[in-house]
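The values are calculated or read from the model by the stated rules, or taken from the named source; none is laboratory data. On a predicted model such as this, the values are computed, not experimentally measured, just so you know. Don't worry about glycine lacking a Cβ; one is built from the backbone with ideal geometry, like all the others, and counts go over all protein chains shown.
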Amino acid sequence: MFPLLESMSTMMKAGYEAQLAAMAQITRTAVDGMEKAINLNLSAAKTTLEASLNSSQQMMSAATPQEWLLLRSAQVRPAVDGALHYGHHMADIVSCTQAEIAGVAAAHAANASRKITAA
């Protein structure tokens, strides 16, 4: 009956569907990134707990203050290496997730533009 209204309605529906699809994909990507970060945090917590228990047992077995200091200084390097590894891995997870979200958003924007133009 009103071709202009039907055409606008079709364009609006296409735009809405494109936005919905984009948000769903971006949300999936973000959740996947959070899952990776959570797994890394759990792994780091387990590793830290084990290292702490081992460290405590070693420290209690020291017979002299000098032995205690040697044990303690030997434990510093692995702790620093673990923290650096964690930081690099977390930064990698964040940057990969960010790049994926940007790629998904760009692809959906181009797709939405094509759909709206075609409608």
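Brief remarks follow.
- Verdict on Ala22 being in a helix (DSSP H, G or I), of a type in the set (A, V, I, L, M, F, W, C), within 29 Å of the chain's Cα centre (by Cα) and loosely packed, with under 14 Cβ neighbours inside 10 Å: no
- Among the residues of the stretch 78-97, those identified as of a type outside the set (Gly, Ala, Ser) and either within 14 Å of Leu20 (Cα to Cα) or touching a residue at least 12 places away in the same chain (Cβ under 8 Å) (or both) are Pro78, Tyr86, His89, Met90, Ile93, Val94, Cys96, Thr97.
- If the condition is being surrounded by 13 or more Cβ atoms within 10 Å (Cβ to Cβ) and among the aliphatic types (A, V, I, L, M), then the stretch 80-93 contributes Met90, Ile93.
- Looking at Leu20, Leu49, Leu4, Leu71, just one residue is at pLDDT 95 or above and of a type in the set (A, V, I, L, M), and that residue is Leu49.
- One residue from Ala63, Ala109 being surrounded by 12 or more Cβ atoms within 10 Å (Cβ to Cβ), among the aliphatic types (A, V, I, L, M), out of contact with any Asp or Glu (no Cβ under 8 Å at 6 or more places or on another chain) and at pLDDT below 95: Ala109
- Among the residues of the stretch 40-60, the ones that are among the hydrophobic types (A, V, I, L, M, F, W, C), more than 28 Å from Ala91 (Cα to Cα) and either touching a residue at least 24 places away in the same chain (Cβ under 8 Å) or exposed (fewer than 10 other Cβ atoms within 10 Å of the Cβ) (or both) come to 1 in all.
- Glu17 being touching a residue at least 12 places away in the same chain (Cβ under 8 Å), touching a helix residue (DSSP H, G or I) at 6+ places or on another chain (Cβ under 7 Å) and charged (D, E, K, R): no
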